[in-house]
Amino acid sequence: MPLVVVNAIEGRVTQDGCLDKIKRQCLLQKGQQAPENLDELYAGIHTVVHAFLRLGPGTLKPEVFENDLRDLKFPEEFVVDMVGVLYGPKRPSLDIALLRDPSTPHLPKLEKLQWRVDVIISSKYEILISLRHAVAAILREMGLLEQKSLLKG
Amino acid sequence: MSATLDEISNSKIVDAEWNFGVTASSSEMKVVGTTYLHLKLLVESGNGTIKTLHFEMTLPQFYSFLHELERAKSSLEYLT
């Protein structure tokens, strides 16, 4: 039974495509044929875990949760295991796995913003005054040089 | 870039626009103060659709681009 709990929750985190493989491993480890309704057990546990995680941390007290599980006729060791996992250290990673799951609905949020402010100095249709001034100055210098070399030669 | 080359092999340049500027400010500190050349080419493909190609390059990239164009020009003149 505890194996089933662990496997179910691991399946939640890792989201393997082939759940049958996990169940077959589970069968081999136990050395005997697993109960016939293993699929339903897994689905049931999955639903409980999913419903619990949707509530958000701190909404449901452990004692209340334990009593609810016992009312649902879950065995005691199962209750202990569930509380251990769902209130324990793995809880944040489960929440993160849920967020990353593409099937959970949530609003889009801005992840990153990169920006740039450019000042255009020159373009096809307009050359700014500063460039015109520079061009005119250079042309004048070139003219002077030309005159000088003509005089010398 | 090479994928674009395949796309435009049957097209011709209809119009070209450029602008040259300086990055005054940015979220990335290292590009602030750098110059860039922005080139926009209007390309018409075989079936008449017009596509705009945007390029942005630094000054050394522009010089090598110009060099390549001059090489292309001289080989065209040599062949015709």
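The values are calculated or read from the model by the stated rules, or taken from the named source; none is laboratory data. Just so it is clear, the structure is predicted and the values come from calculations on it, not from any experiment. Methodologically, a virtual Cβ is constructed for each residue, glycine included, from the backbone with ideal geometry; neighbour enumeration extends over all protein chains shown.
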**All positions within the stretch A:98-137 that are over 26 Å from B:LEU39 (Cα atoms) and either touching a strand residue (DSSP E or B) at 6+ places or on another chain (Cβ under 9 Å) or not in a loop (DSSP other than H, G, I, E, B) (or both)** = A:LEU98, A:LEU99, A:ARG100, A:ALA137
**Prompt:** Just a yes or no: is a residue in the stretch B:45-64 touching a residue at least 24 places away in the same chain (Cβ under 8 Å), assigned to a strand (DSSP E or B) and of a type outside the set (Val, Ile, Thr)?
**Reply:** yes
**Asked** Which residue pairs have Cβ atoms under 9 Å apart, sit 6 or more places apart or on different chains, and have a first residue in the stretch A:119-132 that is within 7 Å of another protein chain (Cβ to nearest Cβ) and a second that is assigned to a strand (DSSP E or B) and small (Gly, Ala, Ser)?
**Response** A:VAL119/B:GLY21; A:VAL119/B:ALA24; A:ILE120/B:GLY21; A:ILE121/B:GLY21; A:SER122/B:GLY21; A:SER123/B:GLY21; A:LYS124/B:ALA16
**Request:** Could you tell me which numbered condition A:GLY31 fails, if it satisfies all but one of (1) over 30 Å from the mean Cα position of the chain (by Cα); (2) surrounded by fewer than 12 Cβ atoms within 10 Å (Cβ to Cβ); (3) at pLDDT 65 or above?
**Result:** (3)
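Being in contact with a strand residue (DSSP E or B) (Cβ under 7 Å, 6 or more places away or on another chain) and within 14 Å of B:ALA16 (Cβ to Cβ) is the filter here; which residues of the stretch B:58-80 pass it?
Within the stretch B:58-80, B:PHE62, B:PHE65 meet the criteria.
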**Request:** Mind listing whichever residues of the stretch B:8-55 are charged (D, E, K, R) and surrounded by 13 or more Cβ atoms within 10 Å (Cβ to Cβ)?
**Result:** B:GLU17, B:LYS40, B:GLU44, B:LYS51
